[in-house]
Amino acid sequence: MNFLEFYRSETYHPVTVHWPIVLLTIGSLFYIIGYFKNNYLLPAGKVLIYIGTTGAWISIYTGNLADGIVSRELCDPTILKTHENFAYYTAYIFSMIVVSNLLLHFFKLKKKLNNMIHWLLMIFMVAGIAILVYASHLGGSLVYDQAAGVTVPSSDCREFE
Amino acid sequence: MKKSFFLLAIFASFFFFSCSQSTDVVDTGTYTGTVDEVEPEKTEIYVETEDGKILELYFTDATTLTKDGVDAEFSELEEGQKVEVELERIGKRLDPIAVRILE
């Protein structure tokens, strides 16, 4: 199998989905540490979260492409539906965090209110990461338990000769 | 602060409830219901049965679609139509064998 043959539309999802998983997790970690230490990690975390959130929506798009193909082969498509729901929760939560951060950047609030909003955003980040981890677990389950989008080679591996 | 957390919890619960989509699994058989959603690019429909269950059905190569006893195109399916679906349960997947548009 050559490089181009590998790229069926259901393979776009695993190619894109790992970026937001890493960026949102590390971004949230940087954001929280940077907020308490009041150092460079805070803006770094924000940038990672902005890119990660864009990546999350791209992954939802590629996931929808894969959905139409793999759902017909799964033994339990309800897991795919839950995976999809949790992916949307993650993307909505981090989109809300991005919008709130941009608003905080452009509108100056009183320190107490500003701090309270940052606290709420960090709570949402922790919740968002927990939801992201569960969505990822379900995605892994679809691949490793139900072979979603997986081409199973023949027992004698003749395709690779 | 307590009040803020309480409001946050209510907001989060409402948010999750409003944007989630759940489907049901039923046994092999024939069901009547209403088309809840049509996704032409995936040749997929959601049907709400008379007892309120939501069935997610992906058409296969073997699925037949008819209207008034004659073959119909997938594009004839619309939200709100009454349909009768004959389906086979494989694991927890529901494969539509026949979909009949009733009105």
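The values are calculated or read from the model by the stated rules, or taken from the named source; none is laboratory data. In this text, all values refer to a predicted model and were calculated from it rather than measured experimentally. Quick reminder, even Gly has a Cβ in these numbers, built from the backbone with ideal geometry, and neighbours come from all protein chains shown. For the accessible areas, the whole protein counts, side chains as well, though only heavy atoms, and no ligand, DNA or RNA atoms are used. Shrake-Rupley method; radii C 1.70, N 1.55, O 1.52, S 1.80 Å.
Evaluate peptide A:74-86: per residue, the Cβ atoms of other protein chains within 10 Å of its Cβ; return the mean as an integer. Before the final figure, lay out each step's value.
Values: counts 5, 4, 4, 8, 8, 1, 3, 6, 4, 0, 2, 5, 2.
Going residue by residue through A:74-86 and averaging, the value is 4.
Calculated accessible area for the protein assembly as shown comes out at 58 Å² per residue, all protein chains present (probe 1.4 Å; ligands, DNA, RNA ignored). Given the options A:Leu113, A:Leu41, A:Leu102, which has the most mean-square fluctuation in a GNM of chain A, springs set between C-alpha atoms less than 10 angstrom apart? In the Gaussian network model the winner is A:Leu113. Within straight-line reach of B:Lys67, meaning a Cα separation under 28 Å, sit the following lysines at least 8 residues removed in sequence or on another chain: B:Lys42, B:Lys53, B:Lys82, B:Lys92. Once the partner protein chains are put back, the stretch B:85-103 shows a loss of at least 20 square angstrom of accessible area, versus the chain by itself, at B:Lys92, B:Arg93 (probe 1.4 Å, ligands and nucleic acids excluded).
Database remark: amide H of B:Glu37 closer than 5 angstrom to the amide H of B:Tyr46 (H placed geometrically; neighbours at sequence offset of 5 or more, or on other chains; Pro and chain starts carry no H). Calculated mean residue ellipticity at 222 nm for the protein assembly as shown: -19000 deg cm²/dmol, from DSSP H runs with n ≥ 4 weighted as -39500 (n - 2.57), summed, divided by the residue count and rounded to 500. Helix A:111-146 versus the longest principal axis of chain A: what angle, 0 to 90°, nearest 10, using Cα atoms? Once rounded, one gets 10 degrees.
With one equal scatterer per alpha carbon and no solvent term, the Debye-computed log10 I(q)/I(0) for the stretch A:1-58 at 0.26 1/Å reads -0.90. Distance between the pseudo-spin-label points of A:Met116 and A:Arg158 (7 Å out from Cα toward the beta carbon): 7.2 nm. Surface burial for B against A, with a 1.4 Å probe and both sides summed, reaches about 2000 Å² of accessible area.
Relative contact order for the stretch A:1-101: 30 percent, from Cα pairs under 8 Å spaced at least 6 residues apart, divided by residue count.
Residue by residue through A:20-27, how many Cβ atoms from other chains fall within 10 Å of the Cβ on average?
Working: counts 0, 0, 0, 0, 0, 0, 0, 0.
Other-chain Cβ atoms within 10 Å of each residue's Cβ, averaged: 0.
Taking every alpha-carbon pair under 8 Å whose residues sit at least 6 apart, the stretch B:24-103 reaches a relative contact order of 35 percent. Taken along the Cα-to-beta-carbon direction at a fixed 7 Å, the label points for A:Ser100 and B:Glu78 span 4.3 nm.
Expressed in Å, the radius of gyration and Dmax of the Cα atoms of the protein assembly as shown are 22.4, 71.
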